[in-house]
Amino acid sequence: MSLTPAAGPAAPEVRPRAFPTNRGGLCQKGWTSAAVLGAPDRLTRPLVRRSLLDPAPPVPGAPVPGAPAADADPLVPVPWDTALDLVATRLAALSAEHGPQAVAVFGGGGLTNEKAYALGKFARTVLRTPNIDYNGRFCMASAAAGMNRAFGVDRGLPFPLADLGGAQAVLLLGSNLAETMPPAVQHLAGARAAGGLVVVDPRRSATARLAVDPAPDPAAGPSQGVHLAPVPGTDLAVVLGLLHVVLAEGLADEAYLAARTTGFEDVARSVAAWWPERVESVAGVPAEELRRVARLLAAAAPAHGGAGAYVLTGRGVEQSTQGTATVTAAINLALALGLPGRVGSGYGAITGQGNGQGGREHGQKADQLPGYRRIDDPAARAHVAAVWGVDPDSLPGPGLPAVRLLRSLATPGGPRALLVHGSNVVVSAPDASRVVERLRALDLLVVCDVVPSETARLAHVVLPVTQWAEEEGTLTSLEGRVIRRRAAVSPPGEVRSELWVLAELARRLGAPATLAFPTDPAEVFDELARASAGGPADYAGLSHARLDADEAAGGPGLHWPVPDGDHPGTPRLFLDGFPTPDGRARLVAVDHVGPSDEVRPGAPFYLVTGRVLQHYQSGAQTHRVPDLERLVPEPYVELHPVLGFRLGLPDGARVRLTSARGEVEATARWTDAVRPDTVFMPFHWSGAGSVNRVTTDATDPVSGMPEFKVCAVDVTPVPDGAPPRPAPRPTPEELSR
């Protein structure tokens, strides 16, 4: 996508860019993205709670947009020096009184690589706190844990996305690609035409319909794929059943397993207990459908003369207390079929955020240093410390993953201050009401944002920062392709880059001159490249200049690892081996235990959550785009007509969902696309319609990812006496634009 600056006050023009992943396609969010740049409530000046200013001045202008009119302690505009001096003074005092761990940092998967790198460096060298994590813990942590365990490296897709186009079969586990990444759907055309698209999802989502609905062109033939709709929380049992069939029917690639893997015998023993009829009794998926899918995947595998097969996972199976186990089982299935490390086949994870891949490579994660190095590895600490010019022993150890970090705020021994960058945890974190309580209890909450998000409205200090079209930098795609971001418009008002903010805070907090915090993104990237050199995500051979030259020459971009300036990049990993000590992929035995919050009396229905095409994440940006807000203006609950009739909840009624953690209200939408024992609700709203008020913050024991995707709820009418009103629904034409 490119942005052409407008002459005068008009919004800039968005134009699609021919690129290998989207081939010039944009979704509705892309076409309307320029509207966010002109949001009427855009933050343009630093804001501080009036009570923190001495003496407290009268409000110089309106308080922060969205704040209560009668707020006794409003956020008021102040000069940058005032805001930064206050933040630095309070951080220094809290650290001196309670220790460096009293200050925490929460980052975001939408930050550029440069900002993510600088944020991690700032936390560990200036604040010297172990307590840094980011919202990617809610997104890719289970996939990362599973891939690191099996392959020795985590790159969402170890192959270019366009490779999917040649596949005979694609198994999508918990991914609604048609709504989350619409331009990517074109790469499924080959599998669809071959009848090899398999979608595992409790809902008949837009992606599931691609698998089973008749082709729009009758001349294309009647070929259809498969939609498996398991009981929520039982995806792992389904994958174990598929592997059972592959092994029981002699469909595995035995030569590949012998030459390129370890651990097969343990896995074979463990899946022997998951015969299809048992899976059917647990997951509700017909045994013959499991056999059909296993045979379909095997027929597409190279070992059986097929054109290629892929196994892909998404948030639907990863956001679970057994998310890492499910990813591991999916990798085991792919390895048994001989897929990873072969051109035209493989395993991959569909990344969810704009810089979901790069955001987790360079230091935002609690246990990680730049280049995807582990922070508890002495060699990694020594290398990065040398680049930063600090003593390796001065670097803190691993901190708390996101959910545990948020739980610990303002508790005895926990952080007393939190810096938030590129995240809206009030809406996006599980058990959101408890998160709000923890944020309110802090001595200092500082939020860097572009609009007054729900989290910013709770802050003591709000710092206005640049957004996507106003800044230079890089992003890394789900396939490991490093992409340049360029400034197309100037930021409004007194908006500053987070690189500048971190440099100013470092100076005020007494960072020595040898500990540099450059504000030029190209200079930051060069330092990032040096820090990543030799690590799993090696950017040593990259620079802004090289990326610009590649693009100017019409190149396809460069995929990491790129260890030196002459290296062409690595679009496909594992062709010659896996980056493990013995060069082999590891199969790991796992077993299904079910969700942490199972249905029971008082909470007899499953709730699953997800996205809609028109909105993104917490909605802080997309709710400010009139065209998107008009299409889906309010939260809703999908329920099956059978369930609605049984509960006396007509289409359009106000519905209350209640869990052990809280309740949420929305408008009912009847649909047969959801199971009769399940309700679905999107997660893009705050307030009474915030579904994360009821989701559980139970986490995966390996990855720390919370179990967003399934919990137990009761479903009741809202007793307000209001007549039913249909939820506003866009027309099919509007949805498809």
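A few points about this structure:
- Residue within segment 372-384 that is in contact (Cβ under 8 Å) with a residue 12 or more places away in the chain, farther than 24 Å from G422 by Cβ and buried (at least 24 other Cβ atoms within 10 Å of the Cβ) present: no
- Boolean, L257 is under 24 Å from K709 (Cα atoms), crowded, with 16+ Cβ neighbours inside 10 Å, at pLDDT 95 or above and aliphatic (A, V, I, L, M): no
- From the options D367, D376, residue that is of a type in the set (D, E, K, R) and either within 30 Å of A298 (Cβ to Cβ) or out of contact with any Lys or Arg (no Cβ under 8 Å at 6 or more places or on another chain) (or both): D376
- Residue within segment 672-689 that is among the small types (G, A, S), part of a loop (DSSP other than H, G, I, E, B) and buried (at least 21 other Cβ atoms within 10 Å of the Cβ) present: yes
- Scanning segment 602-659 for residues that are in a helix (DSSP H, G or I) and of a type in the set (S, T, Y) gives a single hit, T622.
- Failed item in (1) within 21 Å of G323 (Cα to Cα); (2) of a type in the set (S, T, N, Q); (3) modelled with pLDDT of 95 or more, with S394 passing the rest: (1)
- Residue in segment 627-635 that is touching a strand residue (DSSP E or B) at 6+ places or on another chain (Cβ under 6 Å) and modelled with pLDDT under 95 present: yes
- Yes/no for T514 being of a type in the set (S, T, Y) and either without any contact (Cβ under 8 Å) to a residue 40 or more places away in the chain or not in a strand (DSSP E or B) (or both): yes
- Note on segment 267-313: residues that are touching a strand residue (DSSP E or B) at 6+ places or on another chain (Cβ under 7 Å), closer than 17 Å to G338 by Cα and open to solvent by 10 Å² or more (accessible area, probe 1.4 Å) amount to 1.
- Within segment 336-367, being part of a strand (DSSP E or B) and either surrounded by fewer than 24 Cβ atoms within 10 Å (Cβ to Cβ) or of a type in the set (A, V, I, L, M) (or both) holds for one residue alone: A349.
- Tallying residues that are open to solvent by less than 60 Å² (accessible area, probe 1.4 Å), in contact with a helix residue (DSSP H, G or I) (Cβ under 8 Å, 6 or more places away or on another chain) and either part of a helix (DSSP H, G or I) or of a type in the set (S, T, N, Q) (or both) within segment 518-543 yields 8.
- Number of residues in segment 195-230 that are closer than 18 Å to L296 by Cβ and either open to solvent by less than 30 Å² (accessible area, probe 1.4 Å) or at pLDDT 95 or above (or both) equals 17.
- Matching residues in segment 92-116 - criterion: being farther than 16 Å from V446 by Cβ and at pLDDT below 95: G109, G110
- Test for L628: is it touching a residue at least 12 places away in the same chain (Cβ under 8 Å) and either surrounded by 19 or more Cβ atoms within 10 Å (Cβ to Cβ) or of a type in the set (S, T, Y) (or both): yes
- Residue in segment 491-498 that is open to solvent by 30 Å² or more (accessible area, probe 1.4 Å) and under 24 Å from the mean Cα position of the chain (by Cα) present: yes
- Scanning segment 72-128 for residues that are charged (D, E, K, R) and assigned to a helix (DSSP H, G or I), we see that the one that is most open to solvent (accessible area, probe 1.4 Å) is E97.
- Boolean, Y310 is closer than 30 Å to T180 by Cα, at pLDDT 95 or above and aromatic (F, W, Y): yes
- Pairs linking a residue in segment 33-59 that is closer than 20 Å to R90 by Cα and of a type in the set (A, V, I, L, M, F, W, C) to a residue that is modelled with pLDDT under 70 and outside any helix (DSSP H, G or I), with Cβ atoms under 6 Å and 6 or more positions apart or on different chains, are L47/V64.
- Annotation note: of V710, V715, the sole residue that is more than 18 Å from the chain's Cα centre (by Cα), open to solvent by less than 40 Å² (accessible area, probe 1.4 Å), modelled with pLDDT of 95 or more and among the aliphatic types (A, V, I, L, M) is V715.
- Within segment 544-575, being open to solvent by 60 Å² or more (accessible area, probe 1.4 Å), assigned to a loop (DSSP other than H, G, I, E, B) and farther than 19 Å from E523 by Cα holds for A553, G554, P556, D566, P568, R572, L575.
- Filter result (open to solvent by 10 Å² or more (accessible area, probe 1.4 Å) and part of a helix (DSSP H, G or I)) within segment 129-140: N135, R137, F138
- Residue within segment 247-260 that is in contact (Cβ under 8 Å) with a residue 12 or more places away in the chain, under 30 Å from L607 (Cβ atoms), among the aliphatic types (A, V, I, L, M) and assigned to a loop (DSSP other than H, G, I, E, B) present: no
- Residue within segment 149-170 that is under 19 Å from R675 (Cα atoms) and assigned to a helix (DSSP H, G or I) present: no
- Looking across segment 351-360, the residues that are touching a strand residue (DSSP E or B) at 6+ places or on another chain (Cβ under 7 Å) and either at pLDDT below 85 or closer than 14 Å to L157 by Cα (or both) come down to G354, N355, Q357, G358.
- Taking segment 447-461 as the range and being hydrophobic (A, V, I, L, M, F, W, C) and open to solvent by less than 10 Å² (accessible area, probe 1.4 Å) as the test, the residues that pass are V447, C448, V451, A456, A459, V461.
The values are calculated or read from the model by the stated rules, or taken from the named source; none is laboratory data. Since this is a predicted model, take the numbers as computed values, not measurements. Virtual Cβ from ideal backbone geometry, glycine too; neighbours counted across all protein chains shown. Ligands, DNA and RNA are excluded from the accessible area calculation, which covers all protein heavy atoms including side chains. Shrake-Rupley method; radii C 1.70, N 1.55, O 1.52, S 1.80 Å.
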